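Asker: Can you keep this structure in mind? I'll have questions shortly.
The values are calculated or read from the model by the stated rules, or taken from the named source; none is laboratory data. No experiment lies behind these values; they were computed from the predicted model shown. For neighbour counting, all protein chains shown are included, and Cβ atoms are generated from backbone atoms with ideal geometry for every residue, glycine included.
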Amino acid sequence: MKLKDIEAFSPSAWAYIGDAYYELAMRLFSLQEGPRRMSQMHEETAHFVRASFQAKGEHALEAMLSAEEQDIYRRGRNQKSGQVPKSASVTEYRRSTGLESLIGYLYLTGREDRALELLVVMRGLKEA
């Protein structure tokens with residue numbers, strides 16, 4: 001995709017892609033830790049993809065973000081969204097959507113290495 005095309009998408013579209021990429025990355029990280037029961041890997045991945053975890057983890061990333069990345073995150077966070085899941089507050093859901101928007105935007109603009117760099121940091125936050 002061309003950058004011009006990606007800019008035309010809403011932050012919700014970036015979050016749509018970011019959500020899928022984020023979960024896939026967390027599943028792959030789980031596999032890299034070696035053979036385990038599927039239920040263990042699922043539980044671990046579910047922990048990392050929960051809106052409450054993403055919202056707290058995003059806070060740890062703030063100092064790492066460039067001005068452009070902060071703007072993309074802010075646009076995603078402030079985007080009107082649908083129904084908030086019962087497991088998250090409105091604030092947590094919006095912050096996690098901002099993070100997913102940023103990850104999706106980075107992926108779509110060919111900066112997968114930067115997206116992975118941020119996700120590795122998130123993965124290191126076991127108890128965020």
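Asker: Within the stretch 21-47, track down each residue that is under 20 Å from S87 (Cβ atoms), out of contact with any Phe, Trp or Tyr (no Cβ under 6 Å at 6 or more places or on another chain) and in contact (Cβ under 8 Å) with a residue 60 or more places away in the chain.
Answerer: Y22
Asker: Pick from the stretch 66-79 the residues that are of a type outside the set (D, E) and free of Cβ contacts under 8 Å to residues at least 12 places away in the same chain: which of them is farthest from M122 (Cα to Cα)?
Answerer: A67
Asker: Moving on to the next point. How about the stretch 57-92: which of its residues are among the β-branched types (V, I, T) and under 17 Å from R114 (Cβ atoms)?
Answerer: Passing the criteria: only I72.
Asker: Does A88 satisfy being within 11 Å of the chain's Cα centre (by Cα) and either buried (at least 21 other Cβ atoms within 10 Å of the Cβ) or in a loop (DSSP other than H, G, I, E, B) (or both)?
Answerer: No: the conditions fail for A88.
Asker: Output the helices (runs of 4 or more DSSP H) that fall wholly within the stretch 1-76 and possess 3 or more residues being exposed (fewer than 15 other Cβ atoms within 10 Å of the Cβ), or say none.
Answerer: Here the list reads 3-8, 11-32, 38-49.
Asker: Would it be correct to say that L125 is touching a residue at least 24 places away in the same chain (Cβ under 8 Å), assigned to a helix (DSSP H, G or I) and either out of contact with any Cys (no Cβ under 7 Å at 6 or more places or on another chain) or closer than 18 Å to I17 by Cα (or both)?
Answerer: Taking the combined requirement at face value, the residue does not satisfy it.
Asker: Report whether or not Y105 is touching a helix residue (DSSP H, G or I) at 6+ places or on another chain (Cβ under 6 Å), under 23 Å from I6 (Cα atoms), among the aromatic types (F, W, Y) and touching a residue at least 40 places away in the same chain (Cβ under 8 Å).
Answerer: Yes; evaluated as a whole, the condition is true for this residue.
Asker: Say we look at the stretch 97-119 and pick out the residues that are within 16 Å of R50 (Cα to Cα) and either among the β-branched types (V, I, T) or surrounded by fewer than 18 Cβ atoms within 10 Å (Cβ to Cβ) (or both); which of these is modelled with the highest pLDDT?
Answerer: My answer is I103.
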